[in-house]
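Nothing in this text is a laboratory measurement; each read-out follows from the coordinates by a stated rule. Please read these numbers as outputs of a predicted model, since none were measured by experiment. Here Cβ is always computed from backbone atoms with ideal geometry, including for glycine, and neighbour counts include all displayed protein chains.
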6 protein chains.
Amino acid sequence: MSDPWLPTLTTASPQAGFELAVKLSRIGVKLTQPSDQVRSHLRAAYEQDSSQLISASHVIAVHFQTIAAANNWWR
Amino acid sequence: MSDPWLPTLTTASPQAGFELAVKLSRIGVKLTQPSDQVRSHLRAAYEQDSSQLISASHVIAVHFQTIAAANNWWR
Amino acid sequence: MSDPWLPTLTTASPQAGFELAVKLSRIGVKLTQPSDQVRSHLRAAYEQDSSQLISASHVIAVHFQTIAAANNWWR
Amino acid sequence: MSDPWLPTLTTASPQAGFELAVKLSRIGVKLTQPSDQVRSHLRAAYEQDSSQLISASHVIAVHFQTIAAANNWWR
Amino acid sequence: MSDPWLPTLTTASPQAGFELAVKLSRIGVKLTQPSDQVRSHLRAAYEQDSSQLISASHVIAVHFQTIAAANNWWR
Amino acid sequence: MSDPWLPTLTTASPQAGFELAVKLSRIGVKLTQPSDQVRSHLRAAYEQDSSQLISASHVIAVHFQTIAAANNWWR
């Protein structure tokens, strides 16, 4: 992850902001478990586990709050 | 999900905002597990699990915070 | 749930705001599991489970934050 | 709980605000499980469970955020 | 806990604010389980449990949000 | 941890702010379990556990909210 991956929190639309929130939630995992191989292996399991899918959705929601505020809620 | 699904956070009422929060919590799951078939299968299980229903309600609450702020709390 | 159930976030007092938070946390569950019968069945179990009661209290706390802000903290 | 139990979010000090947060987290449980007898029974168990104690502390933290904001952080 | 333990949320630095957040997360546990003996016993177990350590770190993060806002983010 | 480890919440970019959020989430664990040896041991396990990786990502998200606000969202 040597390239810049978060130059700004500004996005063109709420939808783009939501997609950035998904990205940030994944980067949070990646910075804790950097191995692509291990993450791929784990993904196969948790994608079948509704409890973890809800937890992932929760992290996205927290990041979306931050990004929405950064964009003045796209008003 | 090629059509725009989140053009704005503005809603006509608190209730419409709450329904948007439900939608966003589901999109958070869908972007992590895109297969309609797998999600339908998982839904049958977690809809019978009170712990997961409370977790789902939690994610909705976080999104509702964001949407309520975006709408200046519909004051 | 065809009747309007959330016309406003404004309440007369902090206590009424807290009660609205309880209502919203339950609606979050209801919109995910619409069957009254299933929810009644689940309630019998989770009301005896302290971990789930704490989780329910957590969701109420998040909604209460939103409602308190909407009411300018009833200052 | 027929007496008013939350007339205001204003407290004289941060410490009193924290104690109010503890109260609100318990009321959140009480409104979901109204039986004093069941709650006493559950309390005996979860007071010995560090995971649930941390969860309880989490709910207190969320309410403390709300109360601190209501008191303009006692500045 | 008869001595005042939270006279102010103001701290001299972000680091002191973080340490106060740690203190508040522990007080949240202490007010739920007041026995020093029981807490010491539980601590020996949860300090070896990564899941609970992450949960403890989460509670600290929530309190740190509150304290950072109280200090106008030490700008 | 005798050296200052959090002199400011100000960062040069959102990405640096995210990295600080990762650091704070780890310090939250370290202040609860100070033994480097125990933490290394636990890390080997939880890095293979998707549920805990999502929880770690959640804590990062909460700290990132705080840091983003401290930096006025790098606008």
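Just a few scattered comments:
- For chain B: Kirkwood Rh in Å [reciprocal of mean 1/r, alpha carbons]: 13.4
- Separation of region A:12-71 and region C:21-75, taken as the distance between their Cα centroids, equals 25 angstrom.
- Each copy carries a label point for F:K23 at 7 Å from Cα toward Cβ; from one copy, the others' points are 2.3, 2.3, 4.1, 4.1, 4.7 nm away, ordered from shortest.
- In sequence order, region F:45-53 has phi-based couplings of 7, 6, 5, 9, 10, 4, 4, 6, 5 Hz under the Karplus curve 6.51 cos²θ - 1.76 cosθ + 1.60, θ = phi - 60°, and Gly or Pro positions carry x.
- Each copy carries A:R75; placing its label point 7 Å along the C-beta direction from Cα gives inter-copy distances of 1.0, 1.0, 1.8, 1.8, 2.0 nm, listed from smallest up.
- Annotation: lysines with alpha-carbon distance below 17 angstrom to F:K30 (same-chain offsets under eight excluded): E:K23.
- Among the chymotrypsin sites (Phe, Trp or Tyr not before Pro) in region E:1-60, those located in a DSSP loop and surrounded by at most 16 other Cβ atoms within 10 Å of their own Cβ are E:W5.
- Between helix C:14-30 and chain C: long-axis angle, C-alpha atoms, 0 to 90°, nearest 10: 40
- Over the protein assembly as shown, the pair-distance histogram of Cα-Cα distances with 10 Å bins from zero comes to 4, 21, 34, 29, 11, 1, 0 percent, rounded to whole numbers.
- ³J(HN,Hα) computed for each position of region B:64-75 - Karplus, 6.51 cos²θ - 1.76 cosθ + 1.60, integer Hz, glycine/proline x: 5, 4, 4, 5, 5, 5, 4, 9, 6, 6, 6, 5
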